Amino acid sequence: MKFKFMICALVLGGTFSTAMAAPLASVSKKQFGDDWPLKREEVMLECRANGALVVINPSTLMQHPLNDIATAQMEKKEIQAQPIDVLLAPIETTKSVEERVLPLKQAAEKLCGNK
């Protein structure tokens, strides 16, 4: 009886933790067209429970902050991350970094609304 209870608790616990996981989505250059600011063709976007928005490079799993919350966490070494500049494609533009990543930030913010 105890064994069955432990199995049920583990299954329910795993289901609960999966349901509470931060929203994550893969996005690609194909979806954004000319608004795509990155070197990589595809990245993952994540909205954390505290409102931190990050881009994740799937090949290295390195995080790159998209908003002030995530940047502050990076600076305090609460998350292992690098500035988003590392991922930006080298193009001639008068746009600021914030303007270039705005489409990605807006897509990540939509994930926050799905909680």
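Okay, residues lined up against (1) modelled with pLDDT of 95 or more; (2) over 21 Å from L111 (Cα atoms):
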{"position": "L12", "(1), (2)": "no, yes"}
{"position": "W36", "(1), (2)": "no, no"}
{"position": "N50", "(1), (2)": "no, no"}
{"position": "V54", "(1), (2)": "yes, no"}
{"position": "Q63", "(1), (2)": "yes, no"}
{"position": "N67", "(1), (2)": "yes, no"}
{"position": "A81", "(1), (2)": "yes, no"}
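The residues in the range 68-115 that are among the polar types (S, T, N, Q), in a loop (DSSP other than H, G, I, E, B) and under 18 Å from F32 (Cβ atoms) can be counted, and the count is 2. Would you check if there is a residue in the range 90-99 being under 15 Å from the mean Cα position of the chain (by Cα) and loosely packed, with under 14 Cβ neighbours inside 10 Å? No, the range 90-99 has no match at all.
The values are calculated or read from the model by the stated rules, or taken from the named source; none is laboratory data. No experiment lies behind these values; they were computed from the predicted model shown. Cβ: placed from backbone, ideal geometry, glycine included. Neighbour counts: every protein chain shown.
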